[in-house]
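Structure, as structure tokens:
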Amino acid sequence: MIAVNVKKIAGLAGIALVLFFVIAQPGQAAGLVGNIIQFLRDSAESVITFVSNVFKG
């Protein structure tokens, strides 16, 4: 029961921190999100290239 409360409090604190960061510094927050999306896109393209090369033969 205590662990559930700690998880809930930690989750709410994390959400509050993200909201504070977005409100306090929206430009930097947008840049961070853009960097994360670019990283995920590059990673997906790398995996696709790898799988394509494996099955080419």
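A short reminder: the numbers here are calculations on the coordinates, not readings from a lab. Computed from a predicted model, the values in this text were never measured in an experiment.
What ³J(HN,Hα) values, in whole Hz, does the Karplus curve 6.51 cos²θ - 1.76 cosθ + 1.60 give for the stretch 28-37 when θ = phi - 60°, with x put for Gly and Pro?
For the stretch 28-37, the Karplus-derived couplings read 5, 5, 5, x, 5, 5, x, 5, 5, 5 Hz, x marking Gly and Pro.
Roughly how far apart, in whole Å, are the Cα centres of the stretch 12-27 and the stretch 31-57?
The stretch 12-27 and the stretch 31-57 have Cα centres spaced 28 Å from each other.
Can you give the extra length, in nm with one decimal, that the chain gains between S52 and V18 once fully stretched, where that is 0.36 nm per residue apart less the Cα-Cα distance?
Full extension from S52 to V18 adds 8.5 nm.
Express in nm, to one decimal, how much length is gained between K7 and A44 on full extension, taking 0.36 nm for each residue of separation and deducting their alpha carbon distance.
10.2 nm
Average projected area of the Cα convex hull of the chain, in nm²?
Averaged projected hull area, Cα only: 6.2 nm².
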